[in-house]
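Asker: One structure coming up, written as structure tokens, with questions to follow.
The values are calculated or read from the model by the stated rules, or taken from the named source; none is laboratory data. As the structure is a computational prediction, the values presented were derived from the model and not from experiment. For neighbour counting, all protein chains shown are included, and Cβ atoms are generated from backbone atoms with ideal geometry for every residue, glycine included.
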Amino acid sequence: MLEVAVAGVALVLALAPTPAAAVERWFSTGLYPWIQHVVTPASNLIPFAVFDLLLIAAIAASLIVVVRAAREALRTRRIAPVLRAAGRIAAGVAVGYLVFLLLWGFNYRRLPMSERLMVDREAPSTDAVARLGFDAVERMNALHAIAHQDGWPEEQWRDDSMRQAFATTQRLLADAPLAEPGRLKRTLLGPYFRWTSVDGMVNPFGLEVLANPDLLPFERPFVAAHEWAHLAGYADESEANFVGWLTCIRASVPAQYSGWLYLFWQVNGEVDAEVRGRLREMMRAGPRADVEAIVARLRRGQLPWLRTAGWAVYDQYLKANRVESGVRSYGAVVTLILRARFADGWVPVRRSRADDPLSP
């Protein structure tokens, strides 16, 4: 009976509408930051991925339940043990889903960034997208030599420049306690990340950052900042990209370079062949070599069939968590950057108190 009740609660929470303003106020900027302030610092103290232990434990527990049920079913020649085992596993999945929601998952239901910032209603023109790409290439050309000379620290979560930039960006976007940056950890999922071209992920049960072991040094600052944005409660991928980019361009020169390199990559995927050619012509030898190194990394480790399947599953995961655009939300950051209004220094303009959905 308890198993049915747990499954029922999980189903209701999965399907029931939740007011975004209430989630924003009471969870994303209320309860969640305090959870994150406890869990992430604890996870940072552990050098290995907590997610790996949870994954192994979940698989082992499921196998034990299945094997015992199969043995009992064979011994008694009845299907009831198998049905009970299925019920226990379903209840375990339901409990996991409830923990997911309470620790992090409700952030998928918070107010979208477009309702917190001043944004233009119309979609950006193709010319505006191209100009953003040209700006990114110019910044890469200007920053490349200094960035490579200064180099990239191995542990972004301990880099003062990155930490301060992340804190500043958070203050610009929301009135909430500041999130704690997470260390980039290796994981047993490393080969899967390599094969499917996944750069990283946040473990929602341990609020820790798992990274692709093949990331190049100049990719790591943006990947770290992107995943920190998830730790700050920005579950939507375009918003995490937005926060990550704003963080990088406020940090040291190597981090700035990483941020503009990322933005070039996104714009390059949104424009036609003619503009891509112009972007490449503008790019100097140094940045071009870095882009080619990323392409080589992706091609070297990728398994195309697994990549397609993996991203299809992730697309369904995002849609199940009410991200209607699915994996297309990654590229939506270009639109968000171009639609958002900025003051000098790439300071996003928030809605006035009268227009703020959270205002009493």
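Asker: Scan the stretch 38-60 for residues that are in a helix (DSSP H, G or I) and under 14 Å from residue 209 (Cα atoms) and report the count. Break it down into steps so the answer makes sense when it comes.
Answerer: To start, the set of residues in the stretch 38-60 that are in a helix (DSSP H, G or I) comprises 38-44, 50-60.
This time we only want the ones that are under 14 Å from residue 209 (Cα atoms), so: 39-44, 50-52.
Residues that pass the stated criteria total 9.
Asker: Can I ask one more? If you take the residues of the stretch 269-308 that are small (Gly, Ala, Ser) and in contact (Cβ under 8 Å) with a residue 40 or more places away in the chain, which of them is nearest to residue 133 (Cα to Cα)?
Answerer: Filtering the stretch 269-308 down to residues small (Gly, Ala, Ser) leaves 269, 273, 277, 285-286, 289, 293, 296, 301.
Then drop every residue that is not in contact (Cβ under 8 Å) with a residue 40 or more places away in the chain, which leaves 269, 286, 293, 301.
Numbers: 269: 10, 286: 17, 293: 19, 301: 27 Å.
Among those residues, the one meeting the criterion is 269.
Asker: Another question about this same structure. Determine whether residue 253 is touching a strand residue (DSSP E or B) at 6+ places or on another chain (Cβ under 6 Å) and surrounded by fewer than 24 Cβ atoms within 10 Å (Cβ to Cβ).
Answerer: Against the criterion (touching a strand residue (DSSP E or B) at 6+ places or on another chain (Cβ under 6 Å) and surrounded by fewer than 24 Cβ atoms within 10 Å (Cβ to Cβ)), residue 253 does not qualify.
Asker: Counting only residues that are of a type in the set (A, V, I, L, M) and either at pLDDT 95 or above or not in a loop (DSSP other than H, G, I, E, B) (or both), which one in the stretch 148-178 is nearest to residue 242 (Cα to Cα)? Give the steps one after another, and end with the answer.
Answerer: Taking the stretch 148-178 as the starting set, the residues that turn out to be of a type in the set (A, V, I, L, M) are 162, 165, 167, 172-174, 176, 178.
Subsequent filtering for residues that are either at pLDDT 95 or above or not in a loop (DSSP other than H, G, I, E, B) (or both) retains 162, 165, 167, 172-173, 178.
On the way: 162: 15, 165: 13, 167: 14, 172: 12, 173: 11, 178: 17 Å.
Among them, the one singled out is 173.
Yes/no per residue for (1) among the acidic types (Asp, Glu); (2) at pLDDT 85 or above; (3) touching a His at 6+ places or on another chain (Cβ under 6 Å); (4) under 22 Å from residue 169 (Cα atoms):
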site: 303; (1), (2), (3), (4): no, yes, no, no
site: 336; (1), (2), (3), (4): no, yes, no, yes
site: 342; (1), (2), (3), (4): no, yes, no, yes
site: 352; (1), (2), (3), (4): no, no, no, yes
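Asker: Which pairs do you get when a residue that is under 30 Å from residue 179 (Cβ atoms), found in the stretch 44-70, comes within reach of a residue that is modelled with pLDDT of 95 or more and assigned to a helix (DSSP H, G or I), reach meaning Cβ atoms under 7 angstrom, with the pair 6+ apart or on two chains?
Answerer: Pairs that qualify, where the first residue is under 30 Å from residue 179 (Cβ atoms) and the partner is modelled with pLDDT of 95 or more and assigned to a helix (DSSP H, G or I), are 50/43.
Asker: Additional query: If I ask for residues that are closer than 20 Å to residue 44 by Cβ and free of Cβ contacts under 8 Å to residues at least 12 places away in the same chain, which ones from the stretch 159-177 would you list?
Answerer: 160, 167
Asker: Right, another one. I'm trying to understand the selection: among the residues of the stretch 97-112, which are surrounded by fewer than 20 Cβ atoms within 10 Å (Cβ to Cβ), of a type outside the set (A, V, I, L, M, F, W, C) and in contact with a Gly (Cβ under 9 Å, 6 or more places away or on another chain)?
Answerer: 97
Asker: Please pick out the residue among 16, 5, 10 that is out of contact with any strand residue (DSSP E or B) (no Cβ under 9 Å at 6 or more places or on another chain) and under 18 Å from residue 110 (Cβ atoms). I'd like the intermediate steps shown before the answer.
Answerer: On the way: 5 fails: under 18 Å from residue 110 (Cβ atoms); 10 fails: under 18 Å from residue 110 (Cβ atoms).
Matching residue, one of 16, 5, 10: 16.
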